[in-house]
Amino acid sequence: MIGQSPLRTFIAHAVLILGILIVAFPIYYTFVASTHTLQTILRPPLPLLPGGQLWNNYSEALFGGIGRIGGVSVGQLLLNTTIMALGVAVGKICISILSAYAIVFFRFPLRMTFFWLIFITLMLPVEVRILPTYKVMVDLGMIDTYAGLIIPLIASATATLLFRQFFMTIPGELVEAARVDGAGPWRFFFDILLPLSRTNIAALFVILFIYGWTQYLWPLLVTNSNDMNTIVIALRKMVSFADADTEWHLVMVTAMLAIVPPILVVVLMQRWFVRGLVESEK
Amino acid sequence: MATVDLRDVKKVYPSGVEAVKGVSIAIPDKELCVLVGPSGCGKSTLLRMIAGLETISAGTVAIDGKVVNAIGPTERDIAMVFQNYALYPHMKVYDNMAYGLRNRGTPKDEIDSRVRSTAKVLELSALLDRRPRELSGGQRQRVAMGRAIVRNPKIFLFDEPLSNLDAKLRGQMRVEIKNLQRTLGVTSVYVTHDQLEAMTLADILVVMNAGLVEQTGAPLDVYEKPASTFVASFIGAPPMNLLALTGSSSGPMLADGTAIGFAAPETQAVTLGFRPEDADVTFNAEALPGALVLPATVEAVEPVGAESFLHCAAAGSRIIVRVSGRATAKPGDQLRVVAKAERLHWFDQAGKRVD
Amino acid sequence: MAPQLAITLVFFYWPAGQALYQSMLRQDPFGLRTRFVWFANFRKVLADPAYLNSIQVTVVFSLATAIVAMVVALLLAVMAEKAVRGKGLYRTLLIWPYAVAPAIAGMLWLFLFNPSIGSLAYLLRSLGIAWDPLLNGTHAMILLVSAAAWKQISYNFLFFVAGLQAVPKTLIEAAAMDGAGETKRFWTIVFPLLAPTTFFLLVVNTVYALFDTFGIVHAVTGGGPGKATETLVYKVYNDGFVNLILGDSAAQSVILMAIVIALTAIQFRYVERKVHYG
């Protein structure tokens, strides 16, 4: 490392702290807002420090408040969102790891055709094909079901590709050693491949959990009934800037509830997450 | 315990490439057979066909007299040591060694006693709780061996197991493998491209080239009577000196016109060879009947310690002569290289030995 | 393998085929008859000033978002490389927004900047700026770009940090011995070596701005005021689900697919090239 002057180091820290302020401010301010009374929020500017309503707002919101404005209990919203995020993450990982396993380790006719069929889906996010996919959902009667929320989002190739790349780095000798050791295809998958993929699975889990949690367009379309809303959708329905009746202090609590779980996942699983992100995209 | 019989074995890949073009080898019980040859000669493919990792395009592989062409690697009761060891990175040494036994449903306490006794033999007892990445190259090599031994298979297969070790360790492990194989008495097939390894380890040496067997035999027999120019130049370091001959009315001549002074054993001989240690140099000009005498210029001297190698230009090509101890010759010296007639090797147009 | 194929076929190829088919149909105003019209829908869509406007909006929005997010992230990443101490802490503090849903990001920013109760809007007004994103199209666009870029900073930051770490230290030391000052070292050595990362992020950010920001647009402006912030994806949604002009919407979907495929193709060609250069 080349030495650098203390002044430059100081500037570096200053810029970083400024960056953190910009990055963290909207979230922090949401938290601040969630601890003030409605009256304080409606009369800008809002103080920079948390107010004394933390307990009141949160208990009001959690025990009926959100249900009153949103029409659904907050528990139901969080449950829906969690089911969706977990469903997308787990579902995607399961089917991708199996597909990648088949593509990499087995030779069967049309193997490459199947690979390309899956590969092309990589290019088309759900946003691009909303209308036709929606029609299919209606035809299959999957509107307002968890399956409808989750399954269409599972069909994407990113995770399959990641696992494929990883599997291809596994030396052929290891596969052969397992064969000589008497491990059949399933044994090999569970004894060798799965344990070796642990890091990749963890990383993907974080990324996909976030992906599932933050979905917007799809749940908006597939759920008509309020009972099936995710918390993000519910929040959107609560907010109305034209409407003076919006109970901002409760909305802010809801916002915090929608933000905190995924942030916790990202921060707590940071190591996996960063690795997975940088590796999966490159 | 087990014999291995290869009969006219061929391997043709779907791309049409013929990797092994018909090989027959018979390995008696308890013997160690080394397949040696340059890369791409088909030796690894052959080994993998014995292992059951490659399908056999034609011919038969028999273990203990039973043809195993259609049997998978698990049922052949073989164990294999791979070039890169292929240890399971997420398993401890113990589990690496136990894995094959577990898959075969061996009782737990028997696995334990076998793993521990094998570990003792290989001096791995202290390492059983480590993972492969915490081991040195030599230790990994031992674990790979242990994984093979613990299974107590009919046959050991080694695929260049020492090529990732440094020279000193390689020498040590070579001796160890030989001793283990002899003590355990397990029939083994060993693939290497290192002729020194092949010479020192083999009971039966099989020299391969371009998908075919060039020569099979005891190592020293192969060394002393190479069946072809290929074997002559592949086995032995430095390799045998080979000189082209042209026929003339007065007997064979070297390419540059030097008469060799005596008759070749066969008139079709077109190549003459002698090993570096079968020649000597002299500064005198006396006549030496019954020997090949080549005027030569020393180009370089390589002192190795106990011996020295003189690289000389003679008869239009480069030859190497081994002299023991310090060499008195210096680069630029003019001298004569002398090889006794009975130590000469002769080869015909196709490169085959003629006697 | 089979499950993924099944899902892919049902939820991907079938809809994509439908979209293609739909895009060539036209329904009469009462929805009684459907005619096959070949490419008429495409012609109509591409001639529609509203669609052209939407393309322009999308281009401006995507580029602005990508550039803002990348510049800020690069600056922070370079600084984080310099700050030897506290690097991990800074990283932890900077990756939060990745976990925030785009729609929520939009709502948070709107909360800060909406003219009636937004604290920062209040600040702007007290500085004499007539700030009103609900009526002024430019302001609305600025707000959208800020929210979208804000959410994307974390992602870019992580990639730039990884990219910076991949620059061999010996190169920088060699440059220092060749007499290049710190700033010069950055622009002549580090930045060119970051080019692969930068290019990659440019594509990713553009795709992000094209699609993932639907939530932001929907939550913050609803495409308004007027059609000042109606992006392509938003228009597909609006025409298809709100106005129920299925043929047009399908044609737009197909055009979008073409755009994404083109972008991805560029990216993969590029990735392939990167592989060749090691």
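Inspection of segment C:197-211 finds a residue satisfying the criterion of being surrounded by 16 or more Cβ atoms within 10 Å (Cβ to Cβ) and more than 16 Å from the chain's Cα centre (by Cα). When residues of segment B:10-21 are filtered for being in contact (Cβ under 8 Å) with a residue 12 or more places away in the chain and out of contact with any Leu (no Cβ under 7 Å at 6 or more places or on another chain), how many remain? So the count comes out to 5. Looking at the structure I just gave you, is A:Ile192 at pLDDT 85 or above and buried (at least 22 other Cβ atoms within 10 Å of the Cβ)? Taking the combined requirement at face value, the residue satisfies it. Cβ-Cβ distances below 9 Å connect the following pairs, each with a first residue in segment A:7-23 that is within 13 Å of C:Pro97 (Cβ to Cβ), a second residue that is not in a helix (DSSP H, G or I), and a separation of six or more residues or different chains: A:Val23/C:Ile95.
Would you confirm whether or not segment B:82-96 contains a residue that is in contact with a strand residue (DSSP E or B) (Cβ under 7 Å, 6 or more places away or on another chain) and within 14 Å of another protein chain (Cβ to nearest Cβ)? Please lay out each step first, then the result.
First pass over segment B:82-96, keeping only residues in contact with a strand residue (DSSP E or B) (Cβ under 7 Å, 6 or more places away or on another chain): B:82-83.
Keeping just the survivors that are within 14 Å of another protein chain (Cβ to nearest Cβ) gives B:82-83.
Yes.
Conditions (1) modelled with pLDDT of 90 or more; (2) under 18 Å from the mean Cα position of the chain (by Cα), marked per residue:
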site: B:Lys30; (1), (2): yes, no
site: B:Gly37; (1), (2): yes, yes
site: B:Cys41; (1), (2): yes, yes
site: B:Met49; (1), (2): yes, no
site: B:Ile56; (1), (2): yes, no
site: B:Ile63; (1), (2): yes, no
site: B:Gly72; (1), (2): no, no
site: B:Gly100; (1), (2): no, no
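What about C:Leu76, is it in a helix (DSSP H, G or I), within 11 Å of A:Ile20 (Cβ to Cβ) and more than 8 Å from every other protein chain (Cβ to nearest Cβ)? Criteria not met by C:Leu76.
Against the numbered list (1) modelled with pLDDT under 85; (2) buried (at least 16 other Cβ atoms within 10 Å of the Cβ), A:Phe209 comes up short only at (1). From the list B:Gly171, B:Gly146, the lone residue that is closer than 27 Å to A:Asp191 by Cα and either assigned by TED's automatic domain parsing to the domain that holds B:Cys41 or not acidic (Asp, Glu) (or both) is B:Gly146.
Taking (1) surrounded by 15 or more Cβ atoms within 10 Å (Cβ to Cβ); (2) at positive phi; (3) at pLDDT below 90 in turn, B:Asn152 satisfies each apart from (1).
Between C:Pro115, C:Pro102, the distinction of being touching an Asp or Glu at 6+ places or on another chain (Cβ under 9 Å) and surrounded by 24 or more Cβ atoms within 10 Å (Cβ to Cβ) belongs to C:Pro102 only. Against the list (1) of a type outside the set (S, T, N, Q); (2) assigned to a loop (DSSP other than H, G, I, E, B); (3) touching a strand residue (DSSP E or B) at 6+ places or on another chain (Cβ under 9 Å), the condition B:Val321 fails is (2). Inside segment B:83-120, residues that are part of a helix (DSSP H, G or I) and either more than 27 Å from B:Arg48 (Cβ to Cβ) or not assigned by TED's automatic domain parsing to the domain that holds B:Lys43 (or both) make up a count of 11. Restricting B:Thr55, B:Thr45 to residues that are surrounded by 18 or more Cβ atoms within 10 Å (Cβ to Cβ) and either more than 27 Å from B:Leu135 (Cα to Cα) or outside the structural domain of B:Glu214 (by TED's automatic domain parsing) (or both) narrows the list to B:Thr45.
Each row is one residue, and each column tells you yes or no for (1) under 15 Å from the mean Cα position of the chain (by Cα); (2) buried (at least 21 other Cβ atoms within 10 Å of the Cβ).
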site	(1), (2)
B:Arg182	no, no
B:Thr187	no, yes
B:Val213	yes, yes
B:Ala218	yes, no
B:Thr229	no, yes
B:Gly236	yes, no
B:Leu243	no, yes
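Looking at this structure, is C:Val71 in a helix (DSSP H, G or I), under 16 Å from the mean Cα position of the chain (by Cα) and β-branched (Val, Ile, Thr)? So C:Val71 passes the test.
Might you let me know whether segment B:44-55 holds any residue that is part of a loop (DSSP other than H, G, I, E, B) and either touching a residue at least 60 places away in the same chain (Cβ under 8 Å) or away from chain A (no Cβ under 14 Å) (or both)? Reasoning before the result, please.
First pass over segment B:44-55, keeping only residues part of a loop (DSSP other than H, G, I, E, B): B:52-55.
This time we only want the ones that are either touching a residue at least 60 places away in the same chain (Cβ under 8 Å) or away from chain A (no Cβ under 14 Å) (or both), so: none.
No: segment B:44-55 contains no residue that is part of a loop (DSSP other than H, G, I, E, B) and either touching a residue at least 60 places away in the same chain (Cβ under 8 Å) or away from chain A (no Cβ under 14 Å) (or both).
When segment C:79-103 is filtered for residues that are in contact (Cβ under 8 Å) with a residue 24 or more places away in the chain and either more than 7 Å from every other protein chain (Cβ to nearest Cβ) or assigned to a helix (DSSP H, G or I) (or both), the ones remaining, listed by number, are C:Ala80, C:Glu81, C:Arg91, C:Leu94, C:Trp96, C:Pro97, C:Tyr98, C:Pro102, C:Ala103. Can you pull out every residue in segment B:128-144 that is under 13 Å from B:Met91 (Cα atoms), basic (Lys, Arg) and crowded, with 18+ Cβ neighbours inside 10 Å? Matches in segment B:128-144: B:Arg140 only. Output yes when any residue across segment B:10-23 is within 14 Å of another protein chain (Cβ to nearest Cβ), surrounded by 14 or more Cβ atoms within 10 Å (Cβ to Cβ) and over 18 Å from B:Glu214 (Cα atoms), and no when none is. No; the residues of segment B:10-23 include none that is within 14 Å of another protein chain (Cβ to nearest Cβ), surrounded by 14 or more Cβ atoms within 10 Å (Cβ to Cβ) and over 18 Å from B:Glu214 (Cα atoms).
Among the helices (runs of 4 or more DSSP H) confined wholly to segment C:143-262, which include 2 or more residues that are modelled with pLDDT under 80 and farther than 30 Å from A:Arg271 by Cβ? First the steps, then the outcome.
Working: elements: C:169-177, C:182-185, C:191-207, C:214-220, C:232-237.
Here the list reads C:169-177, C:182-185, C:214-220, C:232-237.
Over 22 Å from C:Leu63 (Cβ atoms), touching a residue at least 12 places away in the same chain (Cβ under 8 Å) and either of a type in the set (S, T, N, Q) or crowded, with 19+ Cβ neighbours inside 10 Å (or both), is that true of C:Ile153? Against the criterion (over 22 Å from C:Leu63 (Cβ atoms), touching a residue at least 12 places away in the same chain (Cβ under 8 Å) and either of a type in the set (S, T, N, Q) or crowded, with 19+ Cβ neighbours inside 10 Å (or both)), C:Ile153 does not qualify.
The values are calculated or read from the model by the stated rules, or taken from the named source; none is laboratory data. These figures come from a predicted structure and were not determined experimentally. Every residue, glycine among them, receives a Cβ derived from its backbone with ideal geometry; neighbour counts consider all protein chains shown.
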